[in-house]
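Q: This is the structure, below, for whatever I ask next.
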Amino acid sequence: MTPRAAPASYNDETAAEIVSRFAAVKGGLLPALHEIQAAFGFIPRAALKVIAKGFNITEAETYGVVTFYHDFRLDRPHGKHVLKLCRAEACQASGADAVAAHVKKKLNVDWGGTTADGEWTLEPVFCLGLCACGPAAMVDNEVHAILDNDAVDRLVSA
C-alpha cells in the first residue's frame, strides 16, 4: 500500500490554474475536479467559486457535480489510506455486513469517517466487479477479495 502524498494548502491561484487547463476542453469539469482534489486532498468549498467561474456555470451546479460523485470529498481530505468496502448485494450475501461491522469497530469510524490519527478513511463502494469473490474491498486502489475479519485486520495492519 502506497500512502498518498501530503496535499498542498488551498489557494485560489492553484485552483484557477488547474481550471484554466480544462475549461475549454469538452467534458473538462471532471478532470479538473480530480486534479483539484489530487492537489489539495479534497475539493475545498472555496474552490467551488473558482471552478464555477472558470467553467461558466453556477456554484450550485458545481456543488451538484461534486456531491453526485462519491469519490469527491468536500471539507476534509481522506486519510493516508482509504479502505473501500463493497456494499453491493453479492458481497452482502457472502458476509460483507459482518466484515463492515468488524472494521468499523476496529477503526472506530463509520462510513465516510477518518480515524483520529488520519491514517484510514472508510468508504462504502457499490461493486468492485468481484461479485464471485466477495466480500471484496479496495485499499489505496488495490483490490482484495474473499475477505473475512482476519483478512481485513491484516490489510489495516500492513
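Every number in this text was worked out from the coordinates using simple rules, so none of it is lab data. Everything quoted here is computed from the prediction, not taken from an experiment. Virtual Cβ from ideal backbone geometry, glycine too; neighbours counted across all protein chains shown.
Q: Between region 108-158 and region 74-106, what's the alpha-carbon centroid distance in Å?
A: 5
Q: Around G79, which amide H atoms from residues at least 5 apart in sequence, or from another chain, sit under 5 Å from its own amide H, with H modelled in the peptide plane?
A: T121
Q: Let me ask something additional. Relative to the longest principal axis of the chain, what angle (0 to 90°, nearest 10) does the C-alpha long axis of helix 45-55 take?
A: So the helix axis and the longest Cα principal axis differ by about 60 degrees.
Q: Per Stokes-Einstein, at 37 °C and 0.692 mPa s, what whole-number D in µm² s⁻¹ belongs to region 81-157, with the Kirkwood radius over Cα pairs as the hydrodynamic radius?
A: 275
Q: Please rank Y63, Y69, fewest neighbouring Cβ atoms within 10 Å first, as an exposure proxy.
A: With the sparsest Cβ surroundings first, the list reads Y69, Y63.
Q: Right, next: Give me the distance in nm between label points sitting 7 Å out from Cα along the Cα-to-Cβ direction at H34 and I146, one decimal.
A: 3.2
Q: Then there's this: Among T62, T115, T67, which comes first, second and so on when ranked by fewest other beta-carbon atoms within 10 Å?
A: Result, fewest neighbours first: T67, T115, T62.
Q: So, R0 is 41 Å and r is the distance between the beta-carbons of K49 and C131; what FRET efficiency does that work out to, to 0.05?
A: Step by step, r from the Cβ atoms, then E = 0.50.
Q: Further, regarding this structure: Based on Cα positions only, what radius of gyration and what Dmax would you give for the chain, in angstroms?
A: 17.3, 50
Q: Starting with the fewest neighbours, write out S94, S20 ranked by other beta-carbon atoms found within 10 Å of each beta-carbon.
A: Starting with the residue having the fewest Cβ neighbours, the order is S20, S94.
Q: Between S157 and T58, what is 0.36 nm times their sequence separation minus the Cα-Cα distance? Round to one decimal in nm.
A: That works out to 31.3 nm of additional length.
Q: Apply the Karplus parameterisation 6.51 cos²θ - 1.76 cosθ + 1.60, with θ equal to phi minus 60°, to every residue of region 123-135 and state each ³J(HN,Hα) to the nearest whole Hz, in sequence, with x for glycine and proline.
A: Per-residue couplings from phi come out as 10, x, 9, 10, 4, 9, x, 10, 4, 7, 10, x, x Hz.
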